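Okay, so here's the structure we're looking at.
Taken together, the values in this text are just the output of simple stated rules run on the coordinates, not laboratory data. These figures come from a predicted structure and were not determined experimentally.
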Amino acid sequence: MQKILILSLSLAIFLVFACGGNQYPSGARVYKATCANCHLDDGAGLGALIPPLANSDYLIKHRDQLACIVRYGLADTILVNGIRYQEQMAGIPNLSEVQITNVLNYIGSNWGNKVPAFRLEEVRASLQSCNSLPTQDTKTKQ
Ligand code: HEC
């Protein structure tokens, strides 16, 4: 009996650490490795240069484009919470569809965001329509 108790206790402790206290641990890892150097650990962004992901209305309004932004980048003038941003974000082509799904779910459920969860099928479908987006590869667009 005691053994079982100790075993389940250590399992619980392990899970808390493994998950880092959030719902999307693999998304958190992708975020820290590939996004946080610009958007910062808390999603706050950086002044007028890097838009915030925290409390970002952009996430809800452009849900269908988020997977494409992660993979192919964004070079446009955009509005996030009413503020204009126009620096370029380079794409991160080496992330898999699963990693993109995880990182979007991590962002969408943190820092005040309440974006309904993404499923892999949805991300896959979005990625298939990236070419038709006006915001992709438009660095030269004024
Ligand atoms: C090199 C810096 C850099 C990195 C790394 C980066 N971004 Fe961005 N991101 C930007 C910039 C700059 C913009 C604004 C682009 C524009 O105005 O066209 C942006 C815009 C965005 C937007 C839309 C605007 C918003 O704030 O809601 C999302 C979503 C986003 N990035 C997610 C990510 C994710 C997810 C990652 C990691 C997988 C990532 N970014 C990595 C610089 C970066």
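What the table shows:
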read-out	value
5 angstrom amide H check on ILE92, placed H, neighbours 5+ away	ARG71, TYR72, GLY73
In Å, descending, principal axis extents of the Cα set of the range 23-132	33, 32, 24
